[in-house]
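The values are calculated or read from the model by the stated rules, or taken from the named source; none is laboratory data. Being a predicted model, the structure only gives us computed values, none of them experimental. Neighbour counts are summed over all protein chains in view; Cβ atoms, including those assigned to glycine, are modelled from backbone coordinates with ideal geometry.
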Amino acid sequence: RAVLDAQRARGWWESFDRQVEERWEELTELDRVSGDGDFGRNLRSAVRKARARLVGAAPDDVGAVFAAVSAGFLDTGGSSGPLFGMYFREFAKAAGGLPVVGADVLARASRAGADTVQRLGGASVGDKTAVDAMVPAAEALERAVAGGAEVTAALTAAYRAAAAGAHATTGMRARRGRASYVGDAARGVVDPGALAVAWFYERGATAA
Ligand code: ADP
Ligand code: MG
Ligand code: MG
């Protein structure tokens with residue numbers, strides 16, 4: 001597909017929502033090793049809040065879909081709630097009022113989101129956080145846009161980059177977030193926040 005309309009954006013999010021409902025326990029299991037074991041539940045709670053807000057979201061505005069999503073996260077606890085809320089807020093801003101968006105808007109949103117999360121949370125690539133998937137996803141989208149890719153191809157590139165970035169967190173020792181309190185104990189498991197970001201782009205590549 002060349003562009004993403006609001007209905008497709010909704011379908012993308014609903015697909016992610018279903019994946020979280022089916023597999024949130026895997027994320028909680030990962031957070032049990034590296035943190036406090038609540039990430040899957042926090043994420044499930046956020047997607048349920050987003051779902052409720054999506055019912056009333058404007059139908060022809062891609063930004064409204066992401067605004068509902070962002071609000072759902074900002075309403076949820078844990079470190080992930082506010083950080084992911086601010087991440088998706090950049091998608092809402094970039095796509096605000098637009099009935100369709102191209103890969104260029106997604107690339108801008110993804111970059112602004114990664115920048116915002118880094119600024120607020122203080123993590124850089126290599127610190128074993130969601131940033132390890134967010135930054136490669138933004139880079140991949142930018143490369144795809146520079147190469148003239150359309151939405152589906154760009155999201156596929158973003159998914160591959162985010163998944164590789166998430167996978168790379170396995171060997172890292174955390175320097176930010178709760179995982180940094182457990183030292184080497186978290187080495188050997190993927191960061192659950194980074195994995196969730198990879199899921200988000202994977203659902204986009206498939207559903208959008
Ligand atoms: P908490 O640790 O407060 O229980 P969650 O379990 O909701 O938070 O979320 C944990 C995830 O949040 C981690 O896997 C990581 O990806 C992400 N995270 C935590 N701190 C940061 C940070 N400073 N920057 C980016 N992502 C972070
Ligand atoms: Mg946690
Ligand atoms: Mg917690």
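Of the residues screened, residue 66 is one that is away from ligand 1 (no atom under 13 Å from the Cβ) and under 15 Å from the mean Cα position of the chain (by Cα). Taking (1) within 22 Å of residue 86 (Cα to Cα); (2) assigned to a loop (DSSP other than H, G, I, E, B); (3) of a type in the set (Lys, Arg) in turn, residue 119 satisfies each apart from (2).
How many residues are within 12 Å of ligand 1 (Cβ to nearest atom) and touching an Asp or Glu at 6+ places or on another chain (Cβ under 7 Å) if we restrict to region 35-54? Of the residues in region 35-54, 5 are within 12 Å of ligand 1 (Cβ to nearest atom) and touching an Asp or Glu at 6+ places or on another chain (Cβ under 7 Å). Of all residue pairs spaced 6 or more apart or on separate chains, those with beta-carbon atoms under 6 Å, a first member in region 1-15 that is closer than 9 Å to residue 100 by Cβ and among the β-branched types (Val, Ile, Thr) and a second member that is at pLDDT 95 or above and assigned to a helix (DSSP H, G or I) are 3/151. Evaluation of residue 199 against the conditions (1) under 15 Å from residue 131 (Cβ atoms); (2) away from ligand 2 (no atom under 16 Å from the Cβ) shows that the sole unmet condition is (1).
Quick grid of which residues meet (1) at pLDDT below 95; (2) in a loop (DSSP other than H, G, I, E, B); (3) touching a strand residue (DSSP E or B) at 6+ places or on another chain (Cβ under 6 Å):
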site: 123; (1), (2), (3): no, yes, no
site: 139; (1), (2), (3): no, no, no
site: 145; (1), (2), (3): no, no, no
site: 159; (1), (2), (3): no, no, no
site: 168; (1), (2), (3): no, no, no
site: 174; (1), (2), (3): yes, yes, no
site: 180; (1), (2), (3): yes, no, no
site: 190; (1), (2), (3): no, yes, no
